[in-house]
Amino acid sequence: MKTRKILLGLASIALVSGAIIAADHIDAPAVKGGTSDITDFYAFQGANTNNLVFVANVQGLITPANSASAKFDKNVMVEFNIDTDGDNVEDYVIQAIPGTDDKMYVYGPAVPNETGKNSTLLSDNYKSSVAITPYKTDAITATTNASSVSGVKAFAGLRDDPFFMDFAQYSAIVGGTAPEGFNNPGTDTFAGTNVLSVVVEVPKSMIGGTGTINTWVTTKRKQ
């Protein structure tokens with residue numbers, strides 16, 4: 001799970017704090033290397049300043065040789081959680097789960113059916129879909145609305161890992177053999193590897209519009 005706080009302007013509803021980023025890459029023992037392993041979480045204001053964008057990347061360290069066969073797990077839901085009243089309980093969720101038809105189905109944002117570790121799918125009234133972009137093709141980003149949902153845009157597909165980390169130098173620092181700290185710019189351990197990315201853009205008005213939100217992302221496996 002990744003979590004961050006975002007401030008929304010009271011008048012313009014502008015994202016004051018810019019992009020919010022969290023990442024781990026294979027450091028969660030229970031899901032390390034699995035299809036539910038979250039590598040990155042980003043939340044930021046969209047090019048349309050009335051919108052917020054949520055990004056979750058999963059299944060890190062996908063090599064070029066394995067990229068063509070990389071797939072979202074149809075039994076794993078990516079869930080963006082949004083807390084609008086500061087009690088660290090989700091007031092809205094956005095759920096993304098792949099179908100058997102090479103589409104990513106997006107539900108929400110909407111009030112969740114339940115909170116905490118377990119989730120059930122939102123009503124189809126909040127359901128949209130977007131084709132999963134095939135490997136080495138232009139991004140498919142226009143969401144096809146499957147119901148009355150409007151204003152939601154999405155992308156799902158393979159992308160270059162955006163996170164920069166020099167793990168060798170980090171290990172040396174932790175081990176006490178690199179007293180001068182990180183090199184500038186260092187070596188990108190993730191260079192040349194890919195992730196599976198889910199991106200959802202929603203109007204701020206759909207999650208309250210103003211104030212401060214806490215946001216985090218989880219992956220949940222179908223039981």
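Of note:
- Among the candidates ALA154, ALA172, the residue that is surrounded by fewer than 19 Cβ atoms within 10 Å (Cβ to Cβ), more than 22 Å from ASN66 (Cβ to Cβ) and out of contact with any Pro (no Cβ under 9 Å at 6 or more places or on another chain) is uniquely ALA172.
- Of all residue pairs spaced 6 or more apart or on separate chains, those with beta-carbon atoms under 7 Å, a first member in region 187-212 that is farther than 30 Å from ALA68 by Cα and a second member that is assigned to a loop (DSSP other than H, G, I, E, B) and at pLDDT below 85 are LYS204/ILE13; GLY209/ILE13; THR210/LEU10; THR210/ILE13.
- Boolean, ILE62 is modelled with pLDDT of 95 or more and among the β-branched types (Val, Ile, Thr): no
- Residue check: THR84 meets all listed conditions (1) hydroxyl-bearing (Ser, Thr, Tyr); (2) within 17 Å of ASP124 (Cβ to Cβ); (3) surrounded by fewer than 20 Cβ atoms within 10 Å (Cβ to Cβ) but one, namely (2).
- Every test in (1) part of a strand (DSSP E or B); (2) under 27 Å from VAL89 (Cβ atoms); (3) among the hydrophobic types (A, V, I, L, M, F, W, C) is passed by VAL195 save one, and that test is (2).
- Scanning region 29-59 for residues that are of a type in the set (Gly, Ala, Ser) and either at pLDDT 90 or above or surrounded by 15 or more Cβ atoms within 10 Å (Cβ to Cβ) (or both) gives GLY34, SER36, ALA43, GLY46, ALA47, ALA56.
- Test: residue in region 94-109 that is of a type in the set (Gly, Ala, Ser), closer than 22 Å to LEU196 by Cβ and exposed (fewer than 13 other Cβ atoms within 10 Å of the Cβ): yes
- The lone criterion from (1) free of Cβ contacts under 8 Å to residues at least 24 places away in the same chain; (2) more than 20 Å from the chain's Cα centre (by Cα) left unmet by THR120 is number (2).
- Any hit, region 196-209, residues being more than 22 Å from TYR126 (Cα to Cα), among the aliphatic types (A, V, I, L, M), exposed (fewer than 14 other Cβ atoms within 10 Å of the Cβ) and out of contact with any His (no Cβ under 8 Å at 6 or more places or on another chain): no
- Contact map, region 143-158: first residue polar (S, T, N, Q), second residue modelled with pLDDT of 80 or more and assigned to a loop (DSSP other than H, G, I, E, B), Cβ cut-off under 6 Å, separation 6 or more or different chains; pairs are THR143/VAL152.
- For GLU180: the one exception among (1) modelled with pLDDT of 85 or more; (2) surrounded by fewer than 15 Cβ atoms within 10 Å (Cβ to Cβ): (1)
- Residue satisfying all of: in region 44-80; touching a strand residue (DSSP E or B) at 6+ places or on another chain (Cβ under 7 Å) and in a loop (DSSP other than H, G, I, E, B); nearest to ARG159 (Cα to Cα) among these: ALA70
The values are calculated or read from the model by the stated rules, or taken from the named source; none is laboratory data. Quick caveat, the model's predicted, so the values are computed rather than measured. No Cβ is skipped: glycine too gets one built from the backbone with ideal geometry, and neighbour counts run over all protein chains shown.
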